[in-house]
Amino acid sequence: MDAFMLDGNAVAGLLHEVFGGEMTTASGTCANCGSTAQVGAVHVFRSAGVVLRCPSCDNVLAKFVERRTQICVDLSGLRLLARPEQ
Amino acid sequence: MEGAALLGRLTWELAEVVDLVVENPRVKTLALDVPEWPGHRTGQHVDVRLTAEDGYQAERSYSIASAPSGNRVELTVETLEDGEVSPYLTDVLRPGDKLELRGPIGGYFVWELATGGPVLLVGGGSGVVPLMAMIRERAAAGSDVDLRLLYSSRTWDDVIYRDELERLAGGGLTVTHTLTRSQPEGWTGYSRRVDGEMLAEVGPAAADRPHVYVCGPTPFVEAVAAALVAQGHEPQRIKTERFGPTGG
């Protein structure tokens, strides 16, 4: 267990900004192990950017890096991201 | 069209500090007036942004402590000594000052009256804040839903909302404290970290399928969630929110 670990709730504002809506109740399917978790429950690590990891297998699901005028998003660790209609 | 384009957008708003309440030596509640506040669901949070004169910005998330009530939003903030944001919020801000925030944010760690019960809330330190919003909403509605709070603090003086919790307890709400570091003389309550035995005694049992909300520092949340799963609680019914050890 990493004491620096947070969860998806901690980056709800950033995710809202990127996806234009509430994302912590969206469900993400891991491209590595196939398990599905709500975004609020995935593991989050922050340093220069934000990394979302699968709570089942620790695979990197997504990476977010903010630059001066851009937010760069890598979603290659997600097979599916499904958000309830809002 | 403009309305559609704005739908779902999260914008920074200026809120005004209308009141400051000392909860304990390290914790204060900021009551804010947020014009155009759309209302919130208990368990949601806001992002607060501070901008220095040179343009440097720092952003932090704070749970909303109050039940929905017009434009008034209360945040309970613990001062972290090396924090960039919290010392400003708790030591510098005065009523009348303005603050940038956006929200409400989040939908995962949310309990509403319609969610129903039984409910088990487990809070560690200032992790009690979003749980208090749930307790306040229940009280404001005069609900008698079975709701149990297990609240871990280091000492009796560290307990946030102590008097209000005492006042609200009863009629389906139980409040159980555990004091992990020191206890007042004559203390008969728990005096250890939350464990499986304590969770079983506080209940509700896994068979009653309670909605469970756990909020606190990451190691606290991990330990409590693992103990709950070991007792047969369904992982899907255990909602967690973790605080980092740094940053505030």
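Remarks
- Using the rule -39500 (n - 2.57) for each DSSP H run of four or more residues, divided by the residues of the protein assembly as shown, the 222 nm mean residue ellipticity is -4500 deg cm²/dmol.
- In angstrom, the C-alpha Rg and Dmax of segment A:6-82 are 11.3, 34.
- Among the chymotrypsin sites (Phe, Trp or Tyr not before Pro) within segment B:118-204, those in coil by DSSP and having at most 16 neighbouring Cβ atoms inside 10 Å are B:Trp187.
- Nearest-0.05 FRET efficiency for A:Arg67 and B:Asp144, computed from C-beta distance (R0 56 Å): 0.60
- P(r) histogram, all alpha-carbon pairs of the protein assembly as shown included - 10 Å bins from 0, percent: 5, 26, 35, 25, 8, 1, 0
- Backbone N atoms of segment B:26-54 closer than 17 Å to the 7 Å Cα→Cβ label point of B:Arg72 belong to residues B:29-42.
- Dividing the mean sequence gap of close Cα pairs (under 8 Å, 6+ apart) by how many residues chain B holds gives a relative contact order of 19 percent.
- Ordered by the number of other Cβ atoms lying within 10 Å of each residue's own Cβ, fewest first, B:Cys215, A:Cys54, A:Cys33, A:Cys72 fall into the sequence A:Cys72, A:Cys33, A:Cys54, B:Cys215.
- Other residues whose C-beta falls under 10 angstrom from the C-beta of B:Pro25 contribute a net charge of -1, scoring Lys and Arg +1 and Asp and Glu -1.
- Over segment B:178-230, equivalent-ellipsoid semi-axes from the Cα gyration tensor in Å: 22, 14, 8
- Ascending count of other beta-carbon atoms within 10 Å, so fewest first, for B:Val73, B:Val129, B:Val175: B:Val175, B:Val73, B:Val129
- Taken along the Cα-to-beta-carbon direction at a fixed 7 Å, the label points for B:Arg154 and B:Asp208 span 3.3 nm.
- For segment B:160-175, backbone phi angles converted through the Karplus equation (6.51, -1.76, 1.60; θ = phi - 60°) give residue-by-residue couplings of 8, 6, 4, 5, 5, 5, 5, 5, 7, 4, x, x, x, 9, 10, 10 Hz, Gly and Pro being listed as x.
- Exposure proxy order (Cβ contacts within 10 Å, fewest to most) of B:Arg136, A:Arg68: A:Arg68, B:Arg136
- Percentage relative contact order, segment A:6-82, counting C-alpha pairs under 8 Å, at least six apart: 28 percent
- q = 0.16 Å⁻¹: log10 I(q)/I(0) that the Debye formula gives for chain B, counting C-alpha atoms only: -1.21
- Cβ-derived FRET efficiency at R0 51 Å, B:Ala52 paired with A:Asp58, nearest 0.05: 0.90
Each value in this text was obtained by applying a stated rule to the coordinates, not by laboratory testing. Since the structure is predicted, the reported quantities are computational estimates derived from the model, not experimental observations. Ideal geometry is used to build each Cβ from the backbone, glycine not excepted, and the neighbour counts take in all protein chains shown.
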